[in-house]
Amino acid sequence: MTETPNTQPEQTPATDAAAEQAGTAATLEQVLIQGKDGNAQAGEIIRTFLTSSVYFLSPEEVNDETGSVNPLTLQDNEGNPLIALFSTSGNIPDDYKEHAPHAVEAPGVAIVQSITGAGIMIDAGQEHGFQISAEGVERIRTDFISPAEEAEAQQ
């Protein structure tokens with residue numbers, strides 16, 4: 001995991017987004033937009049998420065020695081917890097940064113493997129936001145990650 005500072009005088013969100021267009025995060029954002037428009041299936045979005053880096057927000061600085069992380073958590077309409085994730089640092093709303101100013105980059109697959117009892121919301125606050133319930137996260141672990149781990153073990 002690497003931490004991305006929220007403000008850098010020489011960069012603006014526009015240049016951050018342009019720089020990330022070449023990386024996998026932009027690909028995730030594009031697939032989310034395609035999904036919103038009905039041009040991508042949920043399975044494609046999930047596979048892209050699992051193979052992409054995403055950002056989560058933390059109120060405390062996170063480094064390799066950090067034992068546990070307290071990511072910014074939202075709630076769905078029924079009050080269930082959702083971990084806020086972002087496909088690019090440029091998609092993080094300013095009001096979220098006020099509550100949790102440290103953006104931490106992590107692989108999507110690592111996020112799914114490490115959370116229990118919470119869903120995820122990718123690109124919260126954006127039109128193309130994508131929500132997965134806690135039950136959905138568990139299904140991703142069993143349907144997408146476990147078969148891949150079993151295939152690797154058999155090789």
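Peptides 75-84, 122-131 ranked from most to least packed by the mean count of surrounding Cβ atoms within 10 Å: 122-131, 75-84. R0 = 30 Å: FRET efficiency of Gln113 with Gln30, Cβ-based, nearest 0.05? The computed FRET efficiency comes out at 0.75.
Work the Kirkwood hydrodynamic radius out for the range 66-155: mean of 1/r over every pair of different alpha-carbon atoms, inverted, in Å.
14.2
Every number in this text was worked out from the coordinates using simple rules, so none of it is lab data. Since the model is a prediction, treat every value here as computed from it, not as a measurement. Backbone-built Cβ (ideal geometry, glycine too); neighbour counts: all protein chains shown.
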